[in-house]
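Chemist: One structure follows; several queries about it will come next.
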């Protein structure tokens, strides 16, 4: 029994260490809570529907900007129907979001508004903002004076990373969480959506933000198709359809097209 779970425990502890090294104590606690909630949502929902799955496998990476490459759960069983597919796919991002939003708000309240000239004198990294993060920032801090910017507290940065990870997982492609949600809503017609989203992301990568190249290749390697559940006919109920629309809206509000603007200066 011990050997069976040893690698999961060791990797979890190593990820705690790597996130602590990268961002400090507040960042470590916050990002590990967000990622753990995300993976636990998938795991518990898989158990609810009797779909065999592994424990979350966390991936330590003791280097900036995140200190981790996230976590994965491998489902070993077959999904019984679209309802189960939707619940398993949406549970992770929504569970993580429950912790991400308060983390951002608390972190922003602890952040400092400083002059841009002062920021340039420190070892800081510019971040692009999603619509959701920008709205939360404006609600929490109010208008930022001209010539000033926000120096994020580690909690706020953990929240930013949480939104970034949520958006990546909710990309409506293949077997990502967003792919599960779209397939549960549209069935086999979702294949066209997967290709259009991948094509749009690839075009954006080639024309504006080359940093997405690795993601583009990885998504192509993982595949743009989604295996059907056993019952691929029975549609979702109206409650899940509305929740699906809400989940995809969260993706659009959380996605950051150019997360690291300084990266582009290398190509100018």
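The values are calculated or read from the model by the stated rules, or taken from the named source; none is laboratory data. This structure is a prediction, so every number in the text was calculated from the model and none was measured. Note that we place each Cβ from the backbone using ideal geometry, even for glycine, and neighbour counts take in every protein chain shown.
Chemist: Among 68, 100, which is in contact (Cβ under 8 Å) with a residue 24 or more places away in the chain, within 14 Å of the chain's Cα centre (by Cα) and more than 23 Å from residue 253 (Cβ to Cβ)? Break it down into steps so the answer makes sense when it comes.
Modeler: Numbers: 100 fails: more than 23 Å from residue 253 (Cβ to Cβ).
68 is the lone residue from the list that is in contact (Cβ under 8 Å) with a residue 24 or more places away in the chain, within 14 Å of the chain's Cα centre (by Cα) and more than 23 Å from residue 253 (Cβ to Cβ).
Chemist: Tell me which residues, restricted to the range 61-85, are within 18 Å of residue 43 (Cβ to Cβ) and part of a strand (DSSP E or B).
Modeler: If the condition is that a residue be within 18 Å of residue 43 (Cβ to Cβ) and part of a strand (DSSP E or B), then 68, 70, 71, 72, 75 are the ones that fit.
Chemist: Just give me the residues in the range 63-92 being touching a strand residue (DSSP E or B) at 6+ places or on another chain (Cβ under 9 Å) and surrounded by fewer than 20 Cβ atoms within 10 Å (Cβ to Cβ), in sequence order.
Modeler: 69, 70, 72, 73, 74, 75, 76, 77, 80, 81, 83
Chemist: Among (1) in contact with a strand residue (DSSP E or B) (Cβ under 8 Å, 6 or more places away or on another chain); (2) touching a residue at least 24 places away in the same chain (Cβ under 8 Å), where does residue 95 come up short?
Modeler: Only one criterion in (1) in contact with a strand residue (DSSP E or B) (Cβ under 8 Å, 6 or more places away or on another chain); (2) touching a residue at least 24 places away in the same chain (Cβ under 8 Å) is unmet by residue 95, namely (1).
Chemist: Filter the range 103-131 for residues that are part of a helix (DSSP H, G or I) and out of contact with any helix residue (DSSP H, G or I) (no Cβ under 8 Å at 6 or more places or on another chain); which is modelled with the highest pLDDT?
Modeler: Kept after step one, since they are part of a helix (DSSP H, G or I), are these residues of the range 103-131: 103-109, 116-120, 131.
Within this subset, residues satisfying the condition of being out of contact with any helix residue (DSSP H, G or I) (no Cβ under 8 Å at 6 or more places or on another chain) are 116-120.
Working: 116: 81, 117: 76, 118: 75, 119: 69, 120: 62.
Looking at residues that are part of a helix (DSSP H, G or I) and out of contact with any helix residue (DSSP H, G or I) (no Cβ under 8 Å at 6 or more places or on another chain), I get 116.
Chemist: Here is a further query. Considering only residues of the range 182-231 that are touching a strand residue (DSSP E or B) at 6+ places or on another chain (Cβ under 8 Å) and surrounded by 13 or more Cβ atoms within 10 Å (Cβ to Cβ), which is farthest from residue 259 (Cα to Cα)? Spell out the reasoning first.
Modeler: Step one: filter the range 182-231 for residues touching a strand residue (DSSP E or B) at 6+ places or on another chain (Cβ under 8 Å), giving 229-231.
Within this subset, residues satisfying the condition of being surrounded by 13 or more Cβ atoms within 10 Å (Cβ to Cβ) are 229, 231.
On the way: 229: 34, 231: 39 Å.
Top of the filtered list is 231.
Chemist: Here are the criteria: (1) closer than 19 Å to residue 249 by Cα; (2) assigned to a helix (DSSP H, G or I); (3) in contact (Cβ under 8 Å) with a residue 12 or more places away in the chain. Tell me which single one residue 134 does not satisfy.
Modeler: Looking at each condition in turn, residue 134 falls short on (3).
Chemist: Let me ask something else about it. What is the number of the single condition among (1) under 22 Å from residue 81 (Cα atoms); (2) part of a helix (DSSP H, G or I); (3) in contact (Cβ under 8 Å) with a residue 24 or more places away in the chain that residue 47 does not meet?
Modeler: (3)
Chemist: Now for a different question. I'd like to verify a number: residues in the range 161-181 that are crowded, with 24+ Cβ neighbours inside 10 Å, in a helix (DSSP H, G or I) and under 12 Å from the mean Cα position of the chain (by Cα), how many?
Modeler: Matching residues across the range 161-181 total 6.
Chemist: Can you find a residue that is surrounded by 18 or more Cβ atoms within 10 Å (Cβ to Cβ), more than 19 Å from residue 163 (Cα to Cα) and in contact with a helix residue (DSSP H, G or I) (Cβ under 6 Å, 6 or more places away or on another chain) anywhere in the range 37-46?
Modeler: Within the range 37-46, one or more residues are surrounded by 18 or more Cβ atoms within 10 Å (Cβ to Cβ), more than 19 Å from residue 163 (Cα to Cα) and in contact with a helix residue (DSSP H, G or I) (Cβ under 6 Å, 6 or more places away or on another chain).
Chemist: Also, quick follow-up: Go through the residues of the range 135-153 one by one and say whether even a single one is surrounded by 18 or more Cβ atoms within 10 Å (Cβ to Cβ), at positive phi and out of contact with any strand residue (DSSP E or B) (no Cβ under 8 Å at 6 or more places or on another chain).
Modeler: No - not one qualifying residue is present in the range 135-153.
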